[in-house]
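Peer 1: Got a structure for you, questions after.
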Ligand SMILES: O=C(O)CCC(=O)C(=O)O
Ligand SMILES: [Fe+2]
């Protein structure tokens, strides 16, 4: 298939070829060269989770409704998960199946809108509150990624595309529930670091905290072994809470190996993100992860970023520092500036976090 110009600028609007519309074209029998990310001789290790070192599972209900001993044990387990994996699965999380399924249905309905309807949200500025796009940053990506996305800022001010019908309501409910889950987890995480339970709430100004919904859509790919859905990266913010539609594809890096995260229904996946690494002064590391694609089914994932307010200067918690044994390992940076930096760089491992490392 011929190369195409992915981004077309006309009348002050930007439009692009989405992966979804590409897969709907009858000529597509092989991967267009602009999407070739790797060669098939790639010999890196990808494994299933090891039985002796399983992906940590945290029972959310034990954080809320348990005896003091059970709560203390859960906080300890969360701390270990953040330290050793930067990642855990959350069960009994209080977001009902109905709310989860309703959200998944409406995200699919958004991506199934006509291309012209979606392109109304093809963002021009990285800080636009609603942005529909493809790959990561088409103007910078040398290789395109096999995903379309919708990113919507939902807190402190709630935004929503006005189509499809019902999206706004489904999203408002889902975002409200996951914000609460995020705040409760951050209380436990603060305690696990030896800080007051309301530390993050107070110091990260969560009343005006930044929450973003990022929906990823990965249609079946003709040559999945050559393409990449999202390349290795860590997320901005404190936590990222992800659910997926029952199709696998997420991999997290643990002890130098890529581990396949199977998609347990109704389970939320929690990622330590860059700002938690900074606040904890590196005790908890943001996890590198990526999404691979398949030729069988459409995969959808929905990430909820729980982050400090845009005006918060994020820096290592003074309470955790000690000039001799544990000096600050990161410089402070306003969340807004960090986000600008992240969005104007190409997605590349932890390269943005490296810029604030001392
Ligand atoms: O698709 C996934 O499972 C990962 C999504 C992701 O990493 C992100 O949206 O930041
Ligand atoms: Fe991510």
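Peer 1: Looking at the structure I just gave you, is residue 248 surrounded by fewer than 17 Cβ atoms within 10 Å (Cβ to Cβ), under 22 Å from residue 144 (Cα atoms), in contact (Cβ under 8 Å) with a residue 40 or more places away in the chain and within 16 Å of ligand 2 (Cβ to nearest atom)?
Peer 2: For residue 248, the condition - surrounded by fewer than 17 Cβ atoms within 10 Å (Cβ to Cβ), under 22 Å from residue 144 (Cα atoms), in contact (Cβ under 8 Å) with a residue 40 or more places away in the chain and within 16 Å of ligand 2 (Cβ to nearest atom) - is met.
Peer 1: Still on this structure, please answer the following. Going through the stretch 343-358 one residue at a time, which ones are touching a strand residue (DSSP E or B) at 6+ places or on another chain (Cβ under 7 Å), at pLDDT 75 or above and surrounded by 15 or more Cβ atoms within 10 Å (Cβ to Cβ)?
Peer 2: Answer for the stretch 343-358, where residues must be touching a strand residue (DSSP E or B) at 6+ places or on another chain (Cβ under 7 Å), at pLDDT 75 or above and surrounded by 15 or more Cβ atoms within 10 Å (Cβ to Cβ): just 356.
Peer 1: I'd like the full set of residues that are under 29 Å from residue 291 (Cα atoms) and either surrounded by fewer than 16 Cβ atoms within 10 Å (Cβ to Cβ) or away from ligand 1 (no atom under 16 Å from the Cβ) (or both), limited to the stretch 207-216.
Peer 2: The one that is under 29 Å from residue 291 (Cα atoms) and either surrounded by fewer than 16 Cβ atoms within 10 Å (Cβ to Cβ) or away from ligand 1 (no atom under 16 Å from the Cβ) (or both): 209.
Peer 1: A further question follows. Which condition does residue 139 not pass, out of (1) in contact with a strand residue (DSSP E or B) (Cβ under 8 Å, 6 or more places away or on another chain); (2) surrounded by 16 or more Cβ atoms within 10 Å (Cβ to Cβ); (3) within 30 Å of residue 34 (Cα to Cα), if it passes all the others?
Peer 2: Only one criterion is unmet by residue 139, namely (2).
Peer 1: So which helices (runs of 4 or more DSSP H) stay within the stretch 1-87 end to end and still have 1 or more residues that are modelled with pLDDT of 90 or more and touching a strand residue (DSSP E or B) at 6+ places or on another chain (Cβ under 8 Å)?
Peer 2: 19-23, 68-84
Peer 1: When the stretch 269-294 is examined, which residues are found to be more than 12 Å from the chain's Cα centre (by Cα) and over 18 Å from residue 353 (Cα atoms)?
Peer 2: Residues satisfying the conditions are 292, 293, 294.
Peer 1: Another question, then. Would the stretch 324-335 turn up any residue that is farther than 24 Å from residue 137 by Cα, in a strand (DSSP E or B) and more than 14 Å from ligand 2 (Cβ to nearest atom)?
Peer 2: Within the stretch 324-335, one or more residues are farther than 24 Å from residue 137 by Cα, in a strand (DSSP E or B) and more than 14 Å from ligand 2 (Cβ to nearest atom).
Peer 1: Of these, 282, 237, which one is over 30 Å from residue 30 (Cβ atoms), in contact (Cβ under 8 Å) with a residue 12 or more places away in the chain and within 13 Å of ligand 2 (Cβ to nearest atom)?
Peer 2: None of the others qualify; the one that does is 237.
Peer 1: Please verify whether residue 194 is closer than 24 Å to residue 353 by Cβ, crowded, with 23+ Cβ neighbours inside 10 Å and either away from ligand 2 (no atom under 16 Å from the Cβ) or at pLDDT 95 or above (or both), treating the condition exactly as stated. Before you say what the answer is, go through the steps one by one.
Peer 2: Details: closer than 24 Å to residue 353 by Cβ: yes; crowded, with 23+ Cβ neighbours inside 10 Å: no; either away from ligand 2 (no atom under 16 Å from the Cβ) or at pLDDT 95 or above (or both): yes.
When the stated conditions are applied, residue 194 does not pass them.
Peer 1: Which residue, of 261, 270, 313, is touching a residue at least 24 places away in the same chain (Cβ under 8 Å), more than 20 Å from residue 217 (Cβ to Cβ) and in contact with a strand residue (DSSP E or B) (Cβ under 8 Å, 6 or more places away or on another chain)?
Peer 2: The conditions single out 270.
Peer 1: So for the stretch 269-278 (the condition being in contact with a helix residue (DSSP H, G or I) (Cβ under 6 Å, 6 or more places away or on another chain), more than 10 Å from ligand 1 (Cβ to nearest atom) and more than 23 Å from residue 56 (Cα to Cα)), does at least one residue qualify?
Peer 2: No.
Peer 1: Yes or no: the stretch 317-326 includes at least one residue that is within 28 Å of residue 60 (Cβ to Cβ), under 19 Å from the mean Cα position of the chain (by Cα) and either more than 10 Å from ligand 1 (Cβ to nearest atom) or buried (at least 23 other Cβ atoms within 10 Å of the Cβ) (or both).
Peer 2: In the first step, residues of the stretch 317-326 are kept if they are within 28 Å of residue 60 (Cβ to Cβ); the result is 317, 319-320.
Keeping just the survivors that are under 19 Å from the mean Cα position of the chain (by Cα) gives none.
Checked the stretch 317-326: no residue is within 28 Å of residue 60 (Cβ to Cβ), under 19 Å from the mean Cα position of the chain (by Cα) and either more than 10 Å from ligand 1 (Cβ to nearest atom) or buried (at least 23 other Cβ atoms within 10 Å of the Cβ) (or both).
Peer 1: Just for the stretch 285-298: of the residues that are touching a strand residue (DSSP E or B) at 6+ places or on another chain (Cβ under 6 Å) and within 14 Å of ligand 2 (Cβ to nearest atom), which one is nearest to residue 191 (Cα to Cα)?
Peer 2: Among those residues, the one meeting the criterion is 286.
Peer 1: If you check every pair at least six apart or on different chains, which have Cβ atoms under 9 Å apart with a residue in the stretch 93-104 that is more than 14 Å from residue 172 (Cα to Cα) first and a residue that is at pLDDT below 95 and surrounded by 17 or more Cβ atoms within 10 Å (Cβ to Cβ) second?
Peer 2: That search, which allows pairs on different chains as well, returns 93/267.
The values are calculated or read from the model by the stated rules, or taken from the named source; none is laboratory data. Predicted model only: the values in this text are computed from it and were never measured. FYI the Cβ positions are ideal-geometry reconstructions off the backbone, even for glycines, and counts take in every protein chain you see.
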